Amino acid sequence: MKSNNTLTLGSGATSQKGRPSENRSFRLDHETIDKLNDISEKERVSVNVLANKALRRYVEYDVLAEKFGLITISKALLKTLFALMTEEQARELGRKSGREAGPGFVTFWYKKFDLENTIKAIGKVTSEYGRNFSFDSSFDGKTHVLVMRHESGKNASTYYGESVKAVFAMLGLDCRIEENEDQVTAYVDALPSSSLPPPLKLSTTIPKLPGLTTPQITK
């Protein structure tokens with residue numbers, strides 16, 4: 001690989017985690033190839049896996065995030081911003097973000113605002129790609145348990161808790177929240193508790209709010 005700047009993806013494998021795949025060859029500069037090989041050796045994974053992971057992030061997140069107006073900030077800065085708020089300010093911002101921006105955020109990524117896509121948006125877009133927090137979930141056939149662990153302080157828990165609660169309320173779903181200093185646990189019942197509100201229409205204004213969601217929704 002270090003003597004050749006051509007990278008072939010999909011070689012030696014017929015699928016990636018069950019997904020159909022095909023070979024594609026790319027010409028990369030030697031420095032990039034060398035760094036890929038170094039990371040491959042350190043992490044003990046193939047260059048093919050690393051390249052697929054990078055490209056998948058690009059097509060699933062980076063392109064859409066840029067269009068959506070999302071930005072990346074450090075955890076230290078995010079913690080500082082939350083610390084400057086009062087608890088009630090954090091709660092109100094969370095409610096506003098979930099209620100006004102949540103449906104548009106989910107729809108932008110997954111085309112339909114429903115329970116499954118909302119959980120997917122929290123786990124995939126906000127956690128795995130956005131890296132706002134680590135995320136675990138489970139389902140017992142009746143209640144979804146969503147665990148969000150962050151390092152941004154009590155007001156961040158307040159914000160995330162209110163935001164998640166508000167966005168599920170837009171689906172008519174009961175959501176009970178437990179908060180502590182660095183973790184939020186949401187218990188979401190699978191069956192609607194009330195009729196859904198009328199569809200929301202995206203506006204052309206997209207304010208940059210910290211955390212779970214960022215678009216502005218208007219009726």
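The values are calculated or read from the model by the stated rules, or taken from the named source; none is laboratory data. Since we're looking at a predicted model, the values are computed, not measured. When we count neighbours, we look across all protein chains shown, and the Cβ atoms used for this are built from the backbone with ideal geometry, even at glycine. All accessible areas refer to the heavy atoms of the entire protein, side chains included, with ligands and DNA or RNA removed. Shrake-Rupley method; radii C 1.70, N 1.55, O 1.52, S 1.80 Å.
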Q. Normalised by the residues of segment 121-186, what does the relative contact order come to in percent, with Cα pairs under 8 Å and at least six apart?
A. 29 percent
Q | Selection of GluC sites (Glu not before Pro), segment 21-73, meeting DSSP coil and at most 13 other Cβ within 10 Å | A | Glu22
Q. If r is the Cβ-Cβ distance from Lys53 to Ala83 and R0 is 41 Å, what FRET efficiency results, to the nearest 0.05?
A. 0.75
Q: Could you pull out the pairs from Lys79/Lys154; Lys53/Lys124; Lys96/Lys165; Lys35/Lys124 whose alpha carbons sit more than 18 Å apart here?
A: Lys35/Lys124
Q: Determine the distance separating the Cα centre of segment 73-103 from the Cα centre of segment 146-163; give it in Å without decimals.
A: 9 Å
Q) Contour minus end-to-end for Lys154 and Arg131, with contour as 0.36 nm per residue of separation and end-to-end as the Cα-Cα distance? A) 6.5 nm
(Q) Whole-Hz ³J(HN,Hα) for each residue in segment 152-162, computed from phi via Karplus 6.51 cos²θ - 1.76 cosθ + 1.60 with θ = phi - 60°, x for glycine and proline: what do you get? (A) 10, x, 4, 5, 5, 4, 4, 4, 4, x, 5
Q | Carbon + sulfur, % of accessible area of segment 144-190 - ligands and nucleic acids excluded, 1.4 Å | A | 45 percent
